[in-house]
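Notes for the one structure printed next.
The values are calculated or read from the model by the stated rules, or taken from the named source; none is laboratory data. Computed from a prediction, not measured in an experiment: that's the story for all the values here. Cβ placement follows ideal geometry from the backbone for every residue including glycine, while neighbour counts extend to all protein chains displayed.
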Amino acid sequence: MQNPDLPLPPMSPAARSVFVFALYLVPVGAGLLATPNTVLTLLGFPASSEIWPRVVGVLALALAYYYAQAARGNVTAFFRWSIHARSAVCVAFVALVLLRVAPAPLALMGLVDLFAAGWTARALRREMGAGAHAAKRA
């Protein structure tokens, strides 16, 4: 376990991409938790008095915590898993829009996930390539 008093090492590009995704999830989660109808109407959903938007907000904040901590710890296995999961979120959101059970802005949120997943994937490929290149020189 890392000593909390020691400074963290600098983030790798892949870790930075995951950390930025965590920063995106915080206002989404906080918005759904604190003012769900504002977020819902921005996304084209009707206002709701149900608890579920707030539950989704709590889950988004929990995911933000996982992403931030994985980035701080440079947990590359988590980065790889997140590429698959964030890509699947995009597919699911687009499918919901195409099936006409969700408004079009939801697909845009899915595209944010896909863009972020692509950023992480490219960063991991570069890091792996740089590591292999450095090993050849050694």
query: Restricting attention to the range 74-104, which residues are in a loop (DSSP other than H, G, I, E, B) and surrounded by fewer than 14 Cβ atoms within 10 Å (Cβ to Cβ)?
result: 99, 100, 101, 104
- prompt: Are any residues in the range 68-101 free of Cβ contacts under 8 Å to residues at least 24 places away in the same chain and more than 30 Å from residue 9 (Cβ to Cβ), and if so, which ones?
  reply: 88, 91, 92, 93, 94, 95, 96, 97, 98, 99, 100, 101
message: Filter the range 113-132 down to the residues that are in contact with a helix residue (DSSP H, G or I) (Cβ under 7 Å, 6 or more places away or on another chain) and not aromatic (Phe, Trp, Tyr) and list them by number.
response: 113, 114, 116, 117, 120, 121, 123, 124, 126, 127
- request: For residue 112, state whether it is buried (at least 16 other Cβ atoms within 10 Å of the Cβ) and closer than 15 Å to residue 24 by Cβ.
  value: yes
- prompt: Taking the range 63-73 only, how many residues are over 11 Å from the mean Cα position of the chain (by Cα) and surrounded by fewer than 18 Cβ atoms within 10 Å (Cβ to Cβ)?
  reply: 3
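Of the residues that sit in the range 39-64 and are part of a loop (DSSP other than H, G, I, E, B) and not charged (D, E, K, R), which one is nearest to residue 79 (Cα to Cα)? If you could, list the steps in order and put the result at the bottom.
Going through the range 39-64, the residues part of a loop (DSSP other than H, G, I, E, B) turn out to be 43-51.
From the residues that got through so far, the ones that are not charged (D, E, K, R) too are 43-49, 51.
Numbers: 43: 27, 44: 31, 45: 31, 46: 34, 47: 34, 48: 34, 49: 35, 51: 31 Å.
Selected residue: 43.
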statement: If we keep only residues of the range 10-44 that are more than 19 Å from the chain's Cα centre (by Cα) and at pLDDT below 95, then the residue nearest to residue 126 (Cα to Cα) is 10
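Of all residues in the range 26-38, how many are outside any helix (DSSP H, G or I) and touching a helix residue (DSSP H, G or I) at 6+ places or on another chain (Cβ under 7 Å)? Full working, then the answer.
Restricting attention to the range 26-38, the residues satisfying the condition of being outside any helix (DSSP H, G or I) are 35.
Checking the rest, the ones that are also touching a helix residue (DSSP H, G or I) at 6+ places or on another chain (Cβ under 7 Å) come to none.
Adding up the residues that qualify gives 0.
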